[in-house]
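Data first, discussion second: the structure below is written as structure tokens.
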Amino acid sequence: MPHWAPDFPLLAILAGLVALVVGADLLVRGAVWIALSVGMSHMAVGLTLVAMGTSMPELMVSLTAARVGSSEIAMANVIGSNVANVLLIIGCAAAVCAIRLQVRWFELLFLLLATALACVPFVVGAEMSRPIAATMVVMLVLFCAQLLRRERAQKQSPGHTQAPHRTTVTGWLLHLGLLLIGFVLLAYGAEWLVDGAVAVATSLGLSQAVIGMTIVAIGTSLPELATSTVAALRKQSEIAIGNVVGSNIFNVGAVLGVAALIRPFPVDTAALGPLIVVTALSAIALVAVLRIWHGVPRAVGFVFVAIYVGFLTSEVIRSQSH
């Protein structure tokens, strides 16, 4: 545990954010190259490896927060990141360049299922218990298994034309190295960010829930923001949307599920109640927009960002009034 972070909290937050963003970027670069080299589709890459890579900051931060007893940050980080993924990240990506694609019900139904599972602790027991966590992990395993089965079926279909990248031993060593460095940066960045955020929350009198849904959630969502915005600019809509949808599923299944399996923790329903409501409504809104418009128009992107800024502002004001 870094002892310098509580003494220099702002520097720790900045260093943590930089390490998380750079680490996730290296992880994603390595994972995408490897996945495309073995012939995976762009949507599958976005839903799995890119989503896992950009969700690593949330996983590291939530595991660290749960381990040191900051359970509010662990929960607020995940559901706050899921809200940021939909409203801020898809909003910004669509505002920059309208997203056009047809998303299947398979991905969208798992997104809604993951969101529903995240709501369960707020309805039953006010605790992330091991049975709930195990259900989340099972959901994630089913999602990955069904996705891989679909990929194999597409590869075997007569119309499949995508060929794997040409690879070399040097290429494999380089990109495996990127994966390793990315994991190391994510691990250290998560500890710095959590320690700095807790120190700031204490000094400003803000609750850990508010810090978790603002500084920590936005910070750990920066990899998704960079990935989806660049993908939208490059007209890679499958990566832009697959990254966010997959990341939200992994946040619930891998981040919340794994963290609570290792160490169950209480959920502050009063502090995080409004956040989980917005989490559920934003997921439903995204599914509706993707099905109605077959993508996300620029106007909807601006609306998403405006709603996100308004919600965070109201939560900070509500926290200070208490």
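Worth pointing out:
- Local electrostatic count, Trp105, Cβ distance below 13 Å [Lys/Arg +1, Asp/Glu -1]: +2
- Choice from Ala209, Ala299, Ala94 with maximal GNM fluctuation in the chain (Cα, 10 Å cutoff): Ala299
- Principal-axis tilt of helix 130-156 within the chain, Cα atoms, nearest 10 degrees: 20 degrees
- Hull volume per residue, based on the alpha-carbon atoms of the stretch 212-322 and their convex hull, is 115 Å³.
- Cα-based Kirkwood hydrodynamic radius, the chain, one decimal, Å: 19.6 Å
- Scaled against 2.2 N^0.38 Å for its residue count N, the alpha carbon radius of gyration of the stretch 79-122 is 1.36.
- Label-point separation, Ala145 to Ala226 (7 Å along Cα→Cβ), nm: 3.5 nm
- P(r) of the stretch 152-252 over all Cα-Cα pairs, binned every 10 Å from zero, in whole percent: 12, 25, 36, 17, 8, 3, 0
- Calculated mean residue ellipticity at 222 nm for the chain: -25000 deg cm²/dmol, from DSSP H runs with n ≥ 4 weighted as -39500 (n - 2.57), summed, divided by the residue count and rounded to 500.
- Sparse-neighbour loop sites [chymotrypsin sites (Phe, Trp or Tyr not before Pro); the stretch 166-254; at most 14 other C-beta within 10 Å; DSSP]: none
- Extension gain, Tyr188-Arg318: 0.36 nm per intervening residue step, less the Cα-Cα distance, totals 43.6 nm.
- In a DSSP loop and with at most 14 other Cβ atoms within 10 Å, the trypsin sites (Lys or Arg not before Pro) in the stretch 133-237 are Arg166, Arg234, Lys235.
- Radius 15 Å from Cβ of Ala93, net charge of other residues (Lys, Arg +1; Asp, Glu -1): +2
- For the pair the stretch 111-136 / the stretch 1-46, the C-alpha centres are spaced 26 Å from each other.
- The long axis of helix 217-233 is offset from the longest Cα principal axis of the chain by roughly 30 degrees.
- For Glu127, residues with placed amide H under 5 Å, excluding near neighbours: Val267
- Rg over Rh, two decimals, the stretch 43-173 (C-alpha only, Kirkwood Rh): 1.02
- Between helix 298-321 and the chain: long-axis angle, C-alpha atoms, 0 to 90°, nearest 10: 20 degrees
Readers should treat all values here as calculations from the given coordinates under stated rules, not as data from a laboratory. Bear in mind the structure is a predicted one, so any value in this text is a computation, not a measurement. All Cβ positions, even for glycine, are placed from backbone atoms using ideal geometry, and neighbour counts span all protein chains on display.
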